[in-house]
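To start, the structure under review is shown below, and the notes come after it.
The values are calculated or read from the model by the stated rules, or taken from the named source; none is laboratory data. Remember, it's a predicted structure, so these values are computed and weren't measured experimentally. Positions of Cβ are generated from backbone atoms using ideal geometry, with glycine treated the same way; all protein chains shown enter the neighbour counts. What goes into the accessible areas is simple: the full protein's heavy atoms, side chains included, and nothing from ligands, DNA or RNA. Shrake-Rupley method; radii C 1.70, N 1.55, O 1.52, S 1.80 Å.
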Amino acid sequence: MSLFAAARLPSEILFGKGQRHVLPAIAAKYGRRAFVCTDERFAATSQFAEILAGLHNAAIETLVFDRTLPDVPRDSVAACIAQAKDFKPDMVIGIGGGSCLDMAKCAALLLSHGGKLEDYYGEFKVPGPTLPVIAVPTTAGTGSEVTPVAVISDPDRTLKVGIASPHLIAAVALCDPDLTVTCPPSLTAIAGADALTHAIEAFTAAKRGADPHLPQQHVFIGKSALTDHFALLAIRLLGRSLEKAYRDGSDEDARADVMMGALAAGCAFGTAGTAAAHAVQYPVGALTHTPHGLGVATMLPYVMTYNLAAAAAEIAEVGTALGLSLQGGGADALAHATIREVSRLFGAIGITPTLAELGLPEDKIDWTAEQALGIDRLIKNNPRPFDRAAMRQLVRAAYDGDMSATMM
């Protein structure tokens, strides 16, 4: 690999037990009026009441929008903005899971630049800086606290859509693993599997060359020397602690590992991008209404197997980061063992192993393949190219649970 690299990150990343207590001091750097985006579940917790009290004691006036919904329905953003306009906030604070953080990004965008969300779908459509966003995640998975993207569900479109721009990156990512302790095992598993998929897809993404104009033309630019370091850190941490956090949510060390793993994975894929597992999940998620993290994790072992022909060395490095050792058979054997380990880990935390069990109708296999193939920003990032037949075979293999069928 040439030493071409790029990374786009928040101005400040703060991580550690108790970091939520410094939110008032951080917010005070940006003004005295904070619009807070969260959801009904977290808004009802004692932790949220404590956070609001801290802001109040620091003479920061707050207005709370607590009706964020999963996958950020487009029209719910309009309701959010209507509540905030007269308040004239100096900053937006997102507290919650990935959807709450994405809602905060969308609120900051529309409060700053006006218009409709549809005006900004795609890459580089945001014309300039937005109100500063302080992202405080309460789950460990999406990495939205450090990424340049917000994902929206639009009722006029079958698939979810994204707004991708460096201007959407939060000013501050404030990550306190204590906020994840109340996450139930199923959410811990799905979010953590999402993070591991981010890290592995970022690490095995295509190498796009060293064109100096590439980061100016694309938000997601493939793997590089910098993103690889973040991805491998994420893989190590998630590999050693995701199953522990799933089995014992009170394990503070495991919770910290998983949250740092999700953060590092976000730092990796926020520049490198993701690939085919995410491309297939978009249409699968639209049909099955299953959580995003569950869908991408279901697909990941099949995509890794398909990519062996082009990325066996990288997949073997993933195995090393997961704690596997090179034994007889060399790197190719290690790459195969890596895929088996990812499948084992996902099975241990309850990830659905096939698209059939996820609820995909068999008569939608061709449609799913067609839709996935059309998501160019993800497909071009895959280390092994796809054509129509290859994508259909991949989706069919994941439907049937036949890993060998992807080794075409």
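Brief remarks follow.
- Tyr302 falls short on exactly one of the conditions (1) open to solvent by 60 Å² or more (accessible area, probe 1.4 Å); (2) in a helix (DSSP H, G or I); (3) at pLDDT 95 or above, and that condition is (1).
- Residue check for Lys160: more than 30 Å from Ala313 (Cα to Cα), among the basic types (Lys, Arg) and open to solvent by 10 Å² or more (accessible area, probe 1.4 Å): yes
- Contacts under 6 angstrom Cβ, first residue in the range 71-98 being without any contact (Cβ under 8 Å) to a residue 40 or more places away in the chain and within 29 Å of Pro177 (Cβ to Cβ), partner open to solvent by 20 Å² or more (accessible area, probe 1.4 Å) and part of a loop (DSSP other than H, G, I, E, B), 6 or more apart: Ser76/Leu69
- The set of residues from the range 146-157 being open to solvent by 20 Å² or more (accessible area, probe 1.4 Å) and either under 14 Å from the mean Cα position of the chain (by Cα) or of a type in the set (D, E, K, R) (or both) comprises Val149, Val151, Asp156, Arg157.
- Selected residue [part of a helix (DSSP H, G or I) and modelled with pLDDT under 95] from Ala297, Ala265, Ala286: Ala286
- Scan of the range 284-293 for residues that are buried (at least 24 other Cβ atoms within 10 Å of the Cβ) and either free of Cβ contacts under 8 Å to residues at least 24 places away in the same chain or touching a Leu at 6+ places or on another chain (Cβ under 8 Å) (or both), ordered by number: Val284
- The range 16-69, subset within 18 Å of Leu174 (Cα to Cα) and of a type in the set (Phe, Trp, Tyr), residue most open to solvent (accessible area, probe 1.4 Å): Tyr30
- Residues that are of a type in the set (Gly, Ala, Ser), under 21 Å from Pro24 (Cα atoms) and within 23 Å of the chain's Cα centre (by Cα) within the range 62-112 comprise Gly94, Gly96, Gly97, Ala104, Ala107, Ala108, listed in sequence order.
- For the range 166-200, the tally of residues that are at pLDDT 95 or above, more than 15 Å from the chain's Cα centre (by Cα) and among the hydroxyl-bearing types (Ser, Thr, Tyr) stands at 2.
The rows are residues; the columns are (1) charged (D, E, K, R); (2) touching an Asp or Glu at 6+ places or on another chain (Cβ under 6 Å); (3) buried (at least 24 other Cβ atoms within 10 Å of the Cβ); (4) within 25 Å of Pro155 (Cα to Cα).
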site: Ser241; (1), (2), (3), (4): no, yes, no, no
site: Lys244; (1), (2), (3), (4): yes, yes, no, no
site: Ser250; (1), (2), (3), (4): no, no, no, no
site: Asp253; (1), (2), (3), (4): yes, no, no, no
site: Gly261; (1), (2), (3), (4): no, no, yes, no
site: Gly266; (1), (2), (3), (4): no, no, yes, no
site: Thr271; (1), (2), (3), (4): no, no, yes, no
site: Ala275; (1), (2), (3), (4): no, yes, yes, yes
site: His278; (1), (2), (3), (4): no, no, yes, yes
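- Pairs are defined by a Cβ separation below 6 Å, a sequence spacing of at least 6 or placement on different chains, a first member in the range 43-59 that is at negative phi, and a second member that is part of a loop (DSSP other than H, G, I, E, B); the pairs so defined are Ala43/Asp66.
- Taken over the range 127-138, the residue count meeting the criterion of being more than 16 Å from Met91 (Cβ to Cβ) and either open to solvent by less than 30 Å² (accessible area, probe 1.4 Å) or in a strand (DSSP E or B) (or both) is 3.
- The residues of the range 73-126 include none that are among the aromatic types (Phe, Trp, Tyr) and open to solvent by less than 10 Å² (accessible area, probe 1.4 Å).
- Qualifying residue in the range 200-218 (condition: farther than 30 Å from Ala348 by Cα, open to solvent by less than 20 Å² (accessible area, probe 1.4 Å) and not in a helix (DSSP H, G or I)): no
- Some residue of the range 374-384 being over 19 Å from Ala202 (Cβ atoms) and touching a residue at least 12 places away in the same chain (Cβ under 8 Å): no
- Boolean, Gly143 is buried (at least 16 other Cβ atoms within 10 Å of the Cβ), at pLDDT 95 or above and at positive phi: yes
- Count - residues of the range 246-262 that are assigned to a helix (DSSP H, G or I) and without any contact (Cβ under 8 Å) to a residue 60 or more places away in the chain: 3
- Among the residues of the range 321-339, those that are part of a helix (DSSP H, G or I) and within 23 Å of the chain's Cα centre (by Cα) comprise Ala321, Thr338, Ile339.
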